[in-house]
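Below you'll find the structure, written out as structure tokens, and then a few comments.
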Amino acid sequence: MDVFDAIYNRHSQGKVKQDEVPRELLEKLLSAAVQAPNHYKVRPWRFVVLTGNARNKLGDVFAASQLDRKPDLPPEASDKIRSSPLRAPVVIAVGVDKPSEEKVREIENICAVAAACQNLLLAAQAEGLAVKWRTGEWARDAKIKEYLGFSADQHILAYLYIGYPKFIAEHEPRPSFNDRTVWME
Ligand SMILES: Cc1cc2nc3c(=O)[nH]c(=O)nc-3n(C[C@H](O)[C@H](O)[C@H](O)COP(=O)(O)O)c2cc1C
């Protein structure tokens with residue numbers, strides 16, 4: 001697929017089939033992700049790939065974290081949160097390494113990991129997969145980070161929900177760059 005086709009046709013798509021995504025294909029997406037630029041070549045990305053029952057366990061951790069924040073949460077709301085990672089057959093949590101040297105800036109690590117996420121999204125588009133990039137409280141909660149192997153001060157940039165699309169939705173063209181751009185000569 002032409003890169004411009006992937007860019008223009010990519011849209012967030014949360015409605016996906018539960019069909020398994022082959023491991024080799026996931027590895028292809030992750031390999032595309034890590035082609036992203038990263039200052040000082042620190043490779044600041046961390047991926048936790050959750051499939052199968054790991055999504056149930058993540059849902060339990062999500063629900064527990066929400067109950068910590070909102071002890072009066074009704075059981076139905078808790079159940080909805082618990083089942084949220086099951087919305088796609090694959091969920092990839094994407095974390096950012098803290099800089100280990102003074103010259104390395106956290107903001108630049110974050111930029112590199114965001115670029116890696118976009119690479120993954122475009123590669124998924126080229127492979128006929130749909131992805132929804134999600135964050136929310138689940139990306140900020142220290143206990144969830146710990147469960148996924150991150151430290152409390154590490155950023156989770158994304159939960160990438162990946163699967164084969166249930167349908168291809170129509171989308172309006174996105175706004176132009178014009179009102180966001182100045183040209184200086
Ligand atoms: C850093 C980041 C966090 C996001 N978090 C969420 C989220 O928590 N929930 C959600 O529905 N979409 C989330 N999105 C997806 C955006 O809402 C989506 O990309 C935007 O609506 C544009 O739609 P498009 O991806 O189809 O162009 C996030 C996107 C980014 C880049």
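The values are calculated or read from the model by the stated rules, or taken from the named source; none is laboratory data. In this text the structure is predicted, and so the values were computed from the model without any measurement. Heads up, the Cβs are rebuilt from the backbone with ideal geometry, glycines too, and the neighbour counts pull from every protein chain shown. Heavy atoms of the whole protein, side chains included, go into the accessibility calculation; ligands, DNA and RNA do not. Shrake-Rupley method; radii C 1.70, N 1.55, O 1.52, S 1.80 Å.
Some notes on this structure:
- Principal axes of the range 1-87: Cα extent on each, largest first, Å: 49, 34, 25
- Unsatisfied cross-links (Cα-Cα over 18 Å) in the set K57/K145; K15/K70; K70/K143; K132/K166; K28/K166; K80/K166: K15/K70; K28/K166; K80/K166
- When +1 charges are put on Lys and Arg Cβ atoms and -1 charges on Asp and Glu Cβ atoms, the dipole computed for the chain relative to its Cα centre reaches about 340 debye.
- Considering all different alpha carbon pairs of the range 40-183, the Kirkwood hydrodynamic radius works out to 17.0 Å.
- Amide hydrogen neighbours beyond the local backbone of I156, cut-off 5 Å, H modeled: none
- Annotation: per residue accessible area for the chain equals 61 Å², rounded to a whole number [probe 1.4 Å, protein chains only].
- Solvent-accessible area of the range 29-77 (1.4 angstrom probe, protein heavy atoms only): carbon and sulfur portion equals 53 percent.
- Between K166 and E20, the distance separating the two model label sites (each 7 Å from Cα on the Cα→Cβ line) works out to 2.3 nm.
- Between N178 and A142, the contour length at 0.36 nm per residue exceeds the Cα-Cα span by 9.0 nm.
- Hydrophobic, long helices, defined as DSSP H runs whose alpha-carbon span along the helix axis is 20 Å or greater and whose mean Kyte-Doolittle value is at least 0.0, occur in the chain at 106-126.
- In this simple spin-label model, placing a label point 7 Å from the Cα along the Cα-to-Cβ direction at both Q35 and T135 gives a separation of 2.6 nm.
- Overall shape: oblate for the range 70-147, with the ratio a/c of the largest to smallest alpha carbon gyration tensor axis at 1.5 or above and b/c at least equal to a/b.
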